[in-house]
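Q: The structure under discussion is supplied below as structure tokens; questions concerning it will follow.
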Amino acid sequence: MPPVRIAVAGLGRIGMIHALHVHELARETGDCTLAGLCTTTREKAQRFAAETGCGVPIFRSVEELAEARVADATVIATATPCHREHATALIARGQRVLLEKPMTAVFETDLEFAAQLDGAHPHALMLAFQRRFDPPLEYAHKLASGGAIGRVFKVYSAMEDSSPAPDGFKSGGILADMSIHNVDEVLWLTGKMPRAAVMVGSSIYSHRLSTCEEDFDDALLYLWFEEELVAEIQVGRNHVSGYRTETVIYGEEGEIQVNRFQQKPLEVIVKAYGRRGRTEPIASRSFSMRDYGRPVPEFVERFGLAYKAELATFVKCCQSNQPFPVSQGDGVRAQQVIRAGMQSVVSPGTIIPV
């Protein structure tokens, strides 16, 4: 099969990583080529080209990229308010796109966008929920679905940044911006949609350190499912000791823990424990994350392998003209859960003093 010509639109924190991964996959597999970079800051593209030795066309706008017809597919990592416009323009010219989350950050427009895609281009968009491609979480999913801990009755998923959102960042709210990954993780791990949700939020520290306007800097989303199953999702921007992610799957016969903390940024440990009294774990495995050899965003240190595996899957689907494993429907479901939580917000202003 001929290699897929892939462009990258947007060279912010994650866009630069996507461009690097396309460049690496092109060299490692020959399944793709880096066909173009699109950015309003030309210096970023020139710096990337110099660092990688990759000569690639640079475009000032997505419209210019679309008109050039140099690519078969594009990774879109532009600002969230532009996602729908940019994806629509490229898809209209026959491209398939890997779109960074969220689709639009607003549930109603997510629904409109998904309906638009379902009607005209149902298999044109892959949504970037990279956790589904993360080796430690895939291993935990395999253990749980294989019955290692019996019936699962609770999932806990946490993600805490070590610093506030960047100055000028446009956030649709801490749940829409941060927890959408955790929500999709929970839906993927359980294979179910919740029946009810409530959100608890506060602004307690890092909101004072950024010009980004966001509803809260610390939040908890609690979900109820049928058949005695619940989930807790914790997100925040106040973990000053370093980026933290954690997933715990509770079962009637034990639990599975997936832990990673910045003090050991390149190690993720997955352990499954049986009932109290067992002296050894049911399963234990350590995963080494990629060392990029240079400063990268803290979430890339944890999920770099997942981002690259996600891209490789995108390329394979484009080559074989197959549907994507993650689509606009998954984005809508995650936003539906977040919307339900936001409709039942508990904050300091609503708590009855004791």
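The values are calculated or read from the model by the stated rules, or taken from the named source; none is laboratory data. If you're wondering where the values come from, they're calculated on a predicted model, not measured in any experiment. So basically every Cβ, Gly included, is an ideal-geometry build from the backbone, and we count neighbours across all protein chains shown.
Q: Restrict the check to the range 105-113 and report whether at least one residue is among the polar types (S, T, N, Q) and assigned to a helix (DSSP H, G or I). Let's see the steps before the verdict.
A: Taking the range 105-113 as the starting set, the residues that turn out to be among the polar types (S, T, N, Q) are 109.
Restricting the remaining residues to those that are assigned to a helix (DSSP H, G or I) gives 109.
Checking the range 105-113: at least one residue is among the polar types (S, T, N, Q) and assigned to a helix (DSSP H, G or I).
Q: Next up: Do we find that Ile204 is outside any loop (DSSP other than H, G, I, E, B), in contact (Cβ under 8 Å) with a residue 12 or more places away in the chain and of a type in the set (Val, Ile, Thr) in this structure?
A: no
Q: Let me ask something additional. Go through (1) touching a strand residue (DSSP E or B) at 6+ places or on another chain (Cβ under 8 Å); (2) modelled with pLDDT of 95 or more and name the single condition Val56 misses.
A: With (1) touching a strand residue (DSSP E or B) at 6+ places or on another chain (Cβ under 8 Å); (2) modelled with pLDDT of 95 or more applied to Val56, the lone miss is (2).
Q: Same structure, new question: Going through Asp184, Asp177 one at a time, which residue ends up being closer than 30 Å to Thr78 by Cα, part of a helix (DSSP H, G or I) and out of contact with any helix residue (DSSP H, G or I) (no Cβ under 6 Å at 6 or more places or on another chain)?
A: Working: Asp184 fails: out of contact with any helix residue (DSSP H, G or I) (no Cβ under 6 Å at 6 or more places or on another chain).
From the options Asp184, Asp177, the qualifying one is Asp177.
Q: If you take just the strands (runs of 3 or more DSSP E) that sit entirely in the range 1-93, which of them hold at least 3 residues that are at positive phi?
A: In the range 1-93, there are no strands (runs of 3 or more DSSP E) which contain 3 or more residues that are at positive phi.
Q: Which of the residues that make up the range 232-284 are within 17 Å of the chain's Cα centre (by Cα) and more than 30 Å from Arg208 (Cα to Cα)?
A: Listed by number, the list holds a single entry, Val258.
Q: Looking only at the range 131-138, decide whether some residue is more than 19 Å from Ala231 (Cα to Cα) and either among the charged types (D, E, K, R) or assigned to a strand (DSSP E or B) (or both).
A: Yes, the range 131-138 has at least one match.
Q: With the structure loaded, tell me whether Thr74 is modelled with pLDDT of 95 or more, crowded, with 17+ Cβ neighbours inside 10 Å and within 25 Å of Pro323 (Cα to Cα) or whether it fails that test.
A: Yes; evaluated as a whole, the condition is true for this residue.
Q: Return the residues of the range 22-42 that are farther than 27 Å from Asp167 by Cβ and crowded, with 24+ Cβ neighbours inside 10 Å; say none if nothing qualifies.
A: Once the filter is applied, which keeps residues that are farther than 27 Å from Asp167 by Cβ and crowded, with 24+ Cβ neighbours inside 10 Å, the range 22-42 yields Val22, Cys32, Leu34.
Q: Pairs needed: first member in the range 280-294, more than 30 Å from Thr52 (Cβ to Cβ) and of a type outside the set (Lys, Arg); second member anywhere, part of a loop (DSSP other than H, G, I, E, B) and modelled with pLDDT of 95 or more; C-beta distance under 9 Å; at least 6 residues apart or different chains.
A: The qualifying pairs are Ile282/Ala148; Ile282/Ile149; Ile282/Glu253; Ala283/Ala148.
Q: If you don't mind, another one. Restricting the range 263-313 to residues that are among the aromatic types (Phe, Trp, Tyr) and buried (at least 17 other Cβ atoms within 10 Å of the Cβ), which is farthest from Phe129 (Cα to Cα)?
A: Tyr273
Q: Among Ala92, Ala66, Ala105, which is buried (at least 23 other Cβ atoms within 10 Å of the Cβ) and either within 19 Å of Phe314 (Cα to Cα) or touching a residue at least 12 places away in the same chain (Cβ under 8 Å) (or both)? Lay out the reasoning, then the answer.
A: Working: Ala92 fails: buried (at least 23 other Cβ atoms within 10 Å of the Cβ); Ala105 fails: buried (at least 23 other Cβ atoms within 10 Å of the Cβ).
When all the criteria are applied, what remains is Ala66.
Q: Let me ask something else. I'd like to verify a number: residues in the range 160-177 that are under 24 Å from Gln328 (Cα atoms), surrounded by fewer than 23 Cβ atoms within 10 Å (Cβ to Cβ) and at pLDDT 90 or above, how many?
A: The number of residues fulfilling the criteria is 0.
Q: Here's something else I'd like to know. Name the residue, out of Lys271, Lys264, that is without any contact (Cβ under 8 Å) to a residue 12 or more places away in the chain and of a type in the set (Lys, Arg).
A: Lys264
Q: Between a residue in the range 234-249 that is among the acidic types (Asp, Glu) and any residue that is at pLDDT below 95 and surrounded by fewer than 24 Cβ atoms within 10 Å (Cβ to Cβ), which pairs come within a Cβ distance under 6 Å, given they are 6 or more apart or on different chains?
A: What qualifies is Glu246/Asn259.
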